[in-house]
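S.K.: Handing you a structure now.
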Amino acid sequence: MNDTVLEASDMLLLPDEEPADQEAVRYWKFLIVDDDRDIHRVTKLVLERHMFEGRKLQFMSAYSASEAIGFLGEHPDIAVVLLDVVMEQDDSGLTLVKVLREVLGNQLVRIILRTGQPGQAPEHTVIRAYDISDYKEKTELTSTKLFSTVYTSIRTYQFLSGVVADKETLEEKVRERTRELELR
């Protein structure tokens, strides 16, 4: 936790209103990938009581890039990945981004890189070279900024998921209409 900034005023954030029917609550899958257990603990502490677009977060934790690949393969519907760059190797997080996008083919999940060693992966270089949603240094990521970054990432995930669903619906309608025309 020594690299994470949490200001006392940030800890006073009030969670969004709880829905009346807890049974109806669905979750956004949220994967934390960091080799520092304190990062997992603090992230959950800051975000666990908040609602994002009417849903809570379902937290998953991976402590290495290889462990994260397993989660991402089993759960292609993870909305947001909060990802450290330097873990087993100096570029483990960046390698994970490439595997996620190119091997697993997941373009929907939003990736927030969070690093305590920005010299290992300079922001301007990483933003250009990798398909990520945001880049934050651990020292700049207060609980307020974490909340805002996660919220905007979920909104983007939700929007992209809707676009994909609409595209699939449209493609099915085109196939149906094509079959009808072929039968004439």
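The values are calculated or read from the model by the stated rules, or taken from the named source; none is laboratory data. All values derive from a computational prediction rather than experimental measurement. Neighbour counts are summed over all protein chains in view; Cβ atoms, including those assigned to glycine, are modelled from backbone coordinates with ideal geometry. Each accessible area value is taken on the protein alone, full model and side chains, heavy atoms only, with ligands, DNA and RNA left out. Shrake-Rupley method; radii C 1.70, N 1.55, O 1.52, S 1.80 Å.
S.K.: Using label points projected 7 Å from each Cα along Cα→Cβ, tell me how many nm separate LYS145 and ARG184, to one decimal.
M.R.: So the two model labels end up 6.0 nm from each other.
S.K.: Let me ask something else. Which one, (1) 1.17; (2) 0.94; (3) 1.02, gives Cα Rg over 2.2 N^0.38 Å as derived from the coordinates shown?
M.R.: From the options (1) 1.17; (2) 0.94; (3) 1.02, the structure gives (1).
S.K.: Follow-up question, since we're still on this one. Ignoring ligands, DNA and RNA, please state the percent of accessible area on segment 27-100 from carbon and sulfur, probe 1.4 Å. Before the final figure, lay out the partial values.
M.R.: Values: 1350 of 2950 Å².
Carbon with sulfur: 46 percent of the solvent-accessible area.
S.K.: Then there's this: Please compute the net charge surrounding SER66, taking Lys and Arg as +1 and Asp and Glu as -1 over other residues with Cβ under 12 Å from its Cβ. Write down the numbers at each step before the final one.
M.R.: Working: positive: none; negative: ASP35, GLU67, GLU88.
Around SER66, the charge tally is -3.
S.K.: Sequence-distant or interchain residues sharing an amide H contact under 5 Å with ARG110, placed H: which?
M.R.: Under 5 Å from the amide H of ARG110: VAL80, VAL81.
S.K.: Between GLN120 and GLU168, what is the spin-label point distance in nm, taking each point 7 Å from the Cα along the Cα→C-beta axis?
M.R.: Roughly 3.6 nm, to one decimal.
S.K.: Can you compute the helix-only [θ] at 222 nm over the chain? Use -39500 (n - 2.57) per DSSP H run of at least 4 residues, normalise by all residues, nearest 500 deg cm²/dmol. Walk me through the numbers before you get to the answer.
M.R.: Details: 5 runs with 76 residues, N = 184.
Taking each H run of at least 4 residues, the total per residue is -13500 deg cm²/dmol.
S.K.: Also, quick follow-up: Among residues other than SER153 whose Cβ falls under 10 Å from its Cβ, what is the net charge (Lys/Arg +1, Asp/Glu -1)?
M.R.: Net local charge, SER153 excluded: +1.
S.K.: Which of the peptides 115-123, 134-142 is most tightly packed, and how do the rest follow, judged by the mean count of other Cβ atoms within 10 Å per residue? Intermediate values should be presented prior to the final figure.
M.R.: Values: 115-123: 15.2, 134-142: 17.6.
Put in order of decreasing packing, that is 134-142, 115-123.
S.K.: Here are some pairs, LYS44/LYS98; LYS98/LYS173; LYS29/LYS98; LYS98/LYS145; which of them have Cα atoms lying more than 29 Å apart in this structure?
M.R.: Values: LYS44/LYS98 26 Å; LYS98/LYS173 33 Å; LYS29/LYS98 20 Å; LYS98/LYS145 26 Å.
Table pairs above 29 Å Cα-Cα are LYS98/LYS173.
S.K.: Under 5 Å between amide H atoms, partner at least 5 residues away or on a different chain: which partners does LYS136 have, H built in plane at 1.01 Å?
M.R.: Counting only residues 5 or more places away or on other chains, the set is LEU113, ARG114, THR115.
S.K.: So, one more: Residue-wise, which Karplus ³J(HN,Hα) couplings in Hz belong to segment 26-40, taking 6.51 cos²θ - 1.76 cosθ + 1.60, θ = phi - 60°, and x for glycine or proline?
M.R.: Working through the residues one at a time gives 9, 10, 9, 6, 9, 9, 9, 10, 6, 7, 9, 4, 5, 4, 4 Hz.
S.K.: While we're on this one: Keeping all protein chains in place, calculate the accessible area per residue for segment 87-184 (probe 1.4 angstrom), answer in Å².
M.R.: Working: 5860 Å² over 98 residues.
Result: 60 Å² per residue.
S.K.: Taking the DSSP beta bridges in the chain as the whole, what percent of them are antiparallel, to the nearest 5? Walk me through the numbers before you get to the answer.
M.R.: Working: 1 of 21 bridges.
Expressed as a percentage, antiparallel bridges in the chain total about 5.
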